[in-house]
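First up is the structure itself, then whatever we jot down about it.
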Amino acid sequence: MGLQELCRLMSRFNSYKRTNIILQHLKMSNHTDAAAEVLLERKGCAGVITLNRPRFLNTLTLGMIRQIYPQLKKWEQDPETFLIIIKGAGEKAFCAGGDIRALSEARNTNQKMLQDLFREEYILNNAIDSCQKPYIALIHGITMGGGVGVSVHGQFRVATEKSVFAMPETAIGLFPDVGGGYFLPRLQGKLGYFLALTGFRLKGRDVYTAGIATHFVDFEKLGMLEEDLLALKSPSKENIADVLEAYHAKSKIDQDKPFILEEHMDKINSWFSANTVEQIVDNLQQDGSSFALEQLKVINKMSPTSLKITLRQLLEGSSKTLPEVLTMEYRLSQACMKGHDFHEGVRAG
């Protein structure tokens, strides 16, 4: 092989190597985009937020909150954006809450993070509530804690047969925050008090019946629903409501199934009307039915401090505005972070 040919081969090999390196870089940059914790995209007439931590059930981090809030504000002002959709990546969860381990770990190392996360999360919750554009949360899969905060304050919440709603904070030495003090006491009867103190899970259509979701759609139709919403041309709130309503009307899953708590609602309303945790416990003991004793067992496992804070939070929140509730909850959150129960609850969990 002549020297000239060898040089030519070497040059071809080098350009091949260069091309390969470029391709790898491109792959990496694509991967980095896909690996972003939250995806913010303009699609059709909508701004679409995708919580993108499926391996961690899309739990919220401070970084995600810091990306979502300014984008939400931009879309709200943008005349070309007519609605905002928020959803979770993967099929298991919309958002299973805040990253509580990171919070607990920050206790000794980063006090400022504890203040920032709660403050900025609550500011986002309030921005969703006051958003001037229709805000649609597709709450498929697990929707708990912080996931409730970025959905329940929006105008439309769409549940599916695989939705699971809960506010389990009393089990970890916290309280149902993210505006729980506002929306829970406003559910039918004393349902919100029951859900807040026991962490009881609502599933599927029950999430809609309870008033957490505004619509119920079969999971397999969720993609089509989103496409139909994105395809709308300069829609009004009424146009959007019509699309949601049409899908809701077609859903037959569990349509005739009674609400899981229906037979217990009179008793729940009576037991949880008490103004102290002690009286609620007493009511459950005196009732003595298997359902009452089951709830008693659950309550006895909760943080006693959390139970008292939560009951007071809901009683106070029932007559406050959402901003007033979030201000109260911020102060409570900082007190809980300084206490013992939350960190013990996270460790034990």
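Around T276, with a cut-off of 12 angstrom between Cβ atoms, what is the net charge of the other residues, counting Lys and Arg +1 and Asp and Glu -1?
0
For the range 194-349, with the dipole built from +1 on Lys and Arg beta-carbon atoms and -1 on Asp and Glu ones, taken about the Cα centre, which of G211, I240, V298 lies farthest toward the positive end?
It is V298, whose Cα lies furthest towards the positive end.
Using the per-residue mean of other Cβ atoms lying within 10 Å as a proxy for protection, in what order, highest first, do the peptides 221-234, 271-284, 56-69, 157-170 fall?
157-170, 56-69, 271-284, 221-234
Send over a whole-number figure in Å² for the accessible area per residue of the range 270-345, probe 1.4 Å.
Working: 3860 Å² over 76 residues.
Solvent-accessible surface per residue comes out at 51 Å².
Relative to 2.2 N^0.38 Å, what does the C-alpha radius of gyration of the range 113-257 come to as a ratio? Two decimals please.
Working it through for the range 113-257, the quotient is 1.07.
Dividing the Cα radius of gyration by the Kirkwood radius, what Rg/Rh value follows for the range 139-223?
Numbers: Rg = 12.0 Å, Rh = 12.7 Å.
When Rh is taken as the Kirkwood radius, the ratio is 0.95.
In cubic angstrom, how much convex hull volume per residue do the alpha carbon atoms of the range 188-258 span?
115
Determine the share of the range 59-215's accessible area contributed by carbon and sulfur atoms, expressed in whole percent, with a 1.4 angstrom probe.
49
Please report the projected area of the range 114-172's Cα convex hull averaged over all directions, in nm².
The directionally averaged projection comes out at 4.5 nm².
Report, as a whole number in µm² per second, the diffusion coefficient that Stokes-Einstein gives for the range 253-320 at 37 °C and 0.692 mPa s using the Kirkwood radius over alpha carbon pairs. Before the final figure, lay out the partial values.
Working: Rh = 13.4 Å.
Approximately 246 µm²/s, per Stokes-Einstein.
Given the options A231, G154, F175, identify the residue whose Cα lies farthest towards the positive end of the charge dipole of the range 90-239 (+1 on Cβ of Lys, Arg; -1 on Cβ of Asp, Glu).
Towards the positive end, the residue furthest out is F175.
So how do 286-297, 141-152 stack up, highest first, on mean other-Cβ count within 10 Å?
Going by the mean number of other Cβ atoms within 10 Å, highest first, we get 141-152, 286-297.
Net charge around K92, counting only other residues with Cβ within less than 12 Å of its Cβ (Lys, Arg = +1; Asp, Glu = -1)?
+2
In debye to the nearest 20, how big a dipole does the range 222-349 give about its Cα centre with +1 on each Lys and Arg Cβ and -1 on each Asp and Glu Cβ?
I would put it at about 520 debye.
Show me 239-249, 204-214 ranked by packing, highest mean number of other Cβ atoms within 10 Å first.
204-214, 239-249
Quick one: putting +1 on the C-beta of Lys and Arg, -1 on the C-beta of Asp and Glu, what dipole do you get for the range 135-281 around its Cα centre, in Debye to the nearest 20?
With only Lys, Arg, Asp and Glu charged at Cβ, the dipole is about 100 debye.
Looking at the range 103-242 only, what percent of DSSP beta bridges run antiparallel? Nearest 5 please. Let's see the in-between values first.
Details: 2 of 10 bridges.
Bridges in the range 103-242 are about 20 percent antiparallel.
If Lys and Arg each add +1 and Asp and Glu each add -1, what is the summed charge of the other residues whose beta carbon sits under 13 Å from the beta carbon of K237?
So the surrounding residues net to -2.
Whole Å is fine, so just give me how far the alpha carbon centre of the range 31-78 lies from that of the range 188-223.
24
Under 22 Å from the Cα of K87, which lysines turn up, not counting those fewer than eight places away in the same chain?
In chain and number order, the partners are K43, K73, K74, K133, K162, K203, K221, K233, K237, K250.
Could you check how much of the accessible area of the range 226-271 is carbon and sulfur, as a whole percent, using a 1.4 Å probe?
Using a 1.4 Å probe with all protein chains present, the range 226-271 comes out at 48 percent carbon and sulfur.
The values are calculated or read from the model by the stated rules, or taken from the named source; none is laboratory data. Keep in mind that this is a model prediction, so the values were computed, not measured. Quick reminder, even Gly has a Cβ in these numbers, built from the backbone with ideal geometry, and neighbours come from all protein chains shown. Protein only, heavy atoms only, side chains kept; ligands, DNA and RNA dropped before computing areas. Shrake-Rupley method; radii C 1.70, N 1.55, O 1.52, S 1.80 Å.
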